[in-house]
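These notes concern the structure reproduced below.
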Amino acid sequence: MSLTTEATEATEATGPAAPAEASWRALGTLVHLLVTDPSHLGQARQLLIADLADVDAACSRFRPDSELCSLPGGRPTEISPLLAEAIVVALRAARLTDGDVDPTVGAAMSAAGYDRDFGHLPPNAPALRLTVRRVPGWQEIHLDGRTLIMPPGVRLDLGATAKAWAADRSAARIAARTGGGVLVSLGGDIAVAGQAPDEGWRVRVQDVTGAPGDPPAGPYAKIAIRDGGLATSSTAARRWRRGGDVLHHILDPRTGLPAEPAWRTVSVTAGSCADANAASTAAIIRGRRALGWLTQLGLPARLVDATGVVFTVAGWPAESSGEQ
């Protein structure tokens, strides 16, 4: 991952050879696609649409007809190559984060009220009685080639890894097919592949979500991505109310409950979007311990605490002053 402070989670494209771009919604989030050669945009868009439809059919926790939802427990099951790849990525994230990112949180996520596509969650549903309950654990999931074995009753949730992996996968496939440079952003999880623009892919990272053309609200950082990926995890997004409680979607596998919101957002860059996302999600769960952990790993990161104070580690660029 290469970063500079001079080049753009909003993506800016300027100059006479500005990349072509397209945006739409899929997987319950905003999709943003940029390609260095405008003549490749139509082909790249169709490839990405097809890729995301395949990922949704294989990995969705909210589609009763998805392959993930049909998985039985307690006996060996032959699964598709696509779902196998997604589970390999999820288990790798669990291993690299010492279990902070665990795909066996599916039942706990539903118990916390996140049991349907986020856009269909009621804004304020009746109260839930949540109890501390450690999730089954990723070590209980065994994948040998395409043969999956997991205990009865375990429900997988690949939401912590599948979106970032899908961005990596599609960016690589589009670059290979078109021969040009590409950036794929799925809800702000960004992967790039192929030859980057001369100044890199310019990304503005900020705590308040906004459209690329909107002025930044609050402090922000401008970075340039030439390879790898960037991911942001947040306790301020995908929040819902149950009774008087405000819940969010990042669960601590050791309790089965939403992680303590020490950080409002964590943004990380790494060699892939999947690795960046695993690190940013684990950082939310680790709380203040994440500062030393990310520093030790040498992963440039930007962490914003619950009061809005910004911390940066491992060479993340300095902040700029935004418009309030």
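The values are calculated or read from the model by the stated rules, or taken from the named source; none is laboratory data. Remember, it's a predicted structure, so these values are computed and weren't measured experimentally. Cβ: placed from backbone, ideal geometry, glycine included. Neighbour counts: every protein chain shown.
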Those residues of segment 213-227 which are at pLDDT 80 or above and more than 16 Å from Arg264 (Cβ to Cβ) amount to Lys222, Ile223, Ala224, Ile225, Arg226, Asp227
Inspect segment 231-243 for any residue being under 19 Å from the mean Cα position of the chain (by Cα), at pLDDT 80 or above and of a type outside the set (Ser, Thr, Tyr) and give the result as yes or no. yes
If I filter segment 142-159 for residues that are in a helix (DSSP H, G or I) and of a type outside the set (Asp, Glu), do I get at least one hit? no
Can you name the number of the only condition in (1) surrounded by fewer than 21 Cβ atoms within 10 Å (Cβ to Cβ); (2) of a type in the set (S, T, N, Q); (3) modelled with pLDDT of 95 or more that Ser170 fails? (1)
For segment 255-307, the count of residues that are among the acidic types (Asp, Glu) and crowded, with 24+ Cβ neighbours inside 10 Å equals 1
Spot the failing condition for Val192; the list is (1) out of contact with any strand residue (DSSP E or B) (no Cβ under 6 Å at 6 or more places or on another chain); (2) crowded, with 24+ Cβ neighbours inside 10 Å; (3) modelled with pLDDT of 95 or more, and only one is missed. (1)
Across (1) modelled with pLDDT of 95 or more; (2) touching a Pro at 6+ places or on another chain (Cβ under 8 Å), Gly210 clears everything bar (1)
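Give, as residue ranges, the strands (runs of 3 or more DSSP E) completely inside segment 1-55 that count at least 1 residues that are at pLDDT 60 or above and not hydroxyl-bearing (Ser, Thr, Tyr).
20-26, 29-35
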